[in-house]
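Dumping the structure here so I can ask a few things about it.
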Amino acid sequence: SLRAESQERPLRIGLIADVHKDVIHDADRRLQAFIDAMNAAKVDAILQMGDFCVPKPANQGFLDIWNSFKGPRHHMIGNHDTDGGFKRGQVVAFWGMPARYYSFDLGGFHFIVLDANDRPEGFKGGYPSSIAADQLEWLKQDLAKTPLNTFVFTHQSLEADLTNRDEVRAVLEAAKTADGKRKVAACLNGHRHIDHTVEIHSIPYI
């Protein structure tokens with residue numbers, strides 16, 4: 001739960017990560033339990049943080065469960081969501097995302113969803129984990145445009161997993177509000193399948 005200075009009640013967003021429809025047998029049951037709980041709690045929005053499902057017709061029923069939430073729904077691409085040769089553009093289209101990376105405002109806060117699956121220079125195979133130059137420039141501009149405290153979401157960790165994590169964190173640390181305070185309130189990620197929190201230069205990575 002988050003509370004902006006102008007809010008009378010907290011903003012509540014339901015987060016879920018690494019449901020792994022195409023890997024783990026009970027993904028539908030777990031996602032349905034999450035959606036049921038979020039609808040019952042009447043949270044303001046939900047966000048899945050990657051490794052959700054590949055964009056194939058057989059997964060439409062799984063996606064329908066997600067779409068049964070009665071409120072705003074947001075997606076983020078994980079490294080396994082393109083398994084089997086699918087492209088990120090296909091994932092964006094199948095899930096109904098506005099783009100691979102995007103931002104939105106809600107409840108007096110700004111939220112940035114990044115795609116950390118760019119291929120770094122010299123990439124030699126496996127799963128890429130990087131924020132490319134064009135996306136990094138977009139991030140700088142998006143942070144500069146908003147006056148609001150900002151939360152940043154990636155599938156892979158900006159604390160440890162990205163190959164250019166220092167470069168990305170420098171952009172986040174440079175973003176300041178009008179009164180000179182840090183603009184980025186926290187960064188949150190999935191991918192690791194465990195709970196872990198560390199603070200780097202006053203920004204929590206969760």
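Are any residues in region 35-73 among the charged types (D, E, K, R), under 17 Å from the mean Cα position of the chain (by Cα) and open to solvent by 20 Å² or more (accessible area, probe 1.4 Å), and if so, which ones?
Listed by number, the residues that qualify are Asp44, Arg73.
For region 74-123, how many residues meet the condition of being touching a helix residue (DSSP H, G or I) at 6+ places or on another chain (Cβ under 6 Å), without any contact (Cβ under 8 Å) to a residue 40 or more places away in the chain and crowded, with 21+ Cβ neighbours inside 10 Å?
Residues that pass the stated criteria total 4.
Only one of these is in a helix (DSSP H, G or I), in contact with a Gly (Cβ under 9 Å, 6 or more places away or on another chain), modelled with pLDDT of 95 or more and among the charged types (D, E, K, R): Asp28, Asp36, Asp18, Asp22. Name it.
Asp28
Which members of region 124-169 meet the condition of being polar (S, T, N, Q) and buried (at least 16 other Cβ atoms within 10 Å of the Cβ)?
Listed by number, the residues that qualify are Ser129, Ser130, Gln135, Thr146, Asn149, Thr150, Thr154, Gln156, Ser157, Thr163, Asn164.
I've got another one for you. Surrounded by 13 or more Cβ atoms within 10 Å (Cβ to Cβ) and at pLDDT below 95, is that true of Arg9?
no
Determine the pairs where a residue that is free of Cβ contacts under 8 Å to residues at least 60 places away in the same chain, located within region 135-158, has a partner that is open to solvent by 10 Å² or more (accessible area, probe 1.4 Å) and of a type in the set (Val, Ile, Thr) with Cβ atoms under 8 Å apart, the partner being 6 or more residues away or on another chain.
Close Cβ pairs satisfying both conditions: Leu136/Val171; Leu139/Val171; Lys140/Val171; Leu143/Val171; Pro147/Thr177.
The values are calculated or read from the model by the stated rules, or taken from the named source; none is laboratory data. Just so you know, these numbers come straight off a predicted model, no measurement behind them. Quick reminder, even Gly has a Cβ in these numbers, built from the backbone with ideal geometry, and neighbours come from all protein chains shown. The protein model used for the area step is the full one, side chains on, heavy atoms only, and it has no ligands, DNA or RNA in it. Shrake-Rupley method; radii C 1.70, N 1.55, O 1.52, S 1.80 Å.
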